[in-house]
Amino acid sequence: MITVLNDIADRIHGYKIGADQFLVKPVDYNELHAILDSLFGKKSMFDEMESRGTVIESLNVLLKQCLPSEAVVVADRKFHYCRKLCDYLNLSKNETEQGLLLVRIQDIIATLC
């Protein structure tokens, strides 16, 4: 949000109605550049995480179509324990998704071999 209003109540109202950032006129272009870099970096990170989640779900569907039902149970159990281990190790969402993605890829490679 870019505005001439600089009162704290105005800022709070701006955040409540959905502003991600609050810039007061006249705009300092170095501040604007830093804010845009931060926002674009966050968007890229969220896009990557969303994409990784979609890949994991697609691999889950593929695996369930390729494996016999008893092997799917084993693969799902391994996937579940991997998620629990990541939680226990307090890994970030990004690290957890990378681990889960690797588990699924390993299961598919084992199936193909």
Residues of segment 3-48 satisfying the condition of being open to solvent by less than 100 Å² (accessible area, probe 1.4 Å), of a type outside the set (D, E, K, R) and assigned to a helix (DSSP H, G or I): A9, I12, G14, L32, A34, I35, L36, S38, L39, G41, S44, M45
Candidates T54, T111, T96, filtered to the one that is out of contact with any strand residue (DSSP E or B) (no Cβ under 6 Å at 6 or more places or on another chain), crowded, with 16+ Cβ neighbours inside 10 Å and assigned to a helix (DSSP H, G or I): T96
Any pair with Cβ under 8 angstrom, 6 or more apart, that starts in segment 7-23 at a residue that is within 18 Å of A34 (Cβ to Cβ) and ends at one that is open to solvent by less than 50 Å² (accessible area, probe 1.4 Å) and aromatic (F, W, Y): R11/F22
Residue ID - farthest from M45 (Cα to Cα), chosen from residues in segment 71-93 that are touching a residue at least 24 places away in the same chain (Cβ under 8 Å) and surrounded by 15 or more Cβ atoms within 10 Å (Cβ to Cβ): A71
Counted residues, segment 57-66 - those being more than 18 Å from the chain's Cα centre (by Cα) and open to solvent by 30 Å² or more (accessible area, probe 1.4 Å): 5
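The values are calculated or read from the model by the stated rules, or taken from the named source; none is laboratory data. Note that this is a predicted model, so its numbers are computed, not measured. With ideal geometry, Cβ positions are generated from the backbone for all residues, glycine too; neighbour counts draw on all protein chains shown. Note: accessible area is taken over every heavy atom of the protein model, side chains too, but ligands, DNA and RNA are not part of it. Shrake-Rupley method; radii C 1.70, N 1.55, O 1.52, S 1.80 Å.
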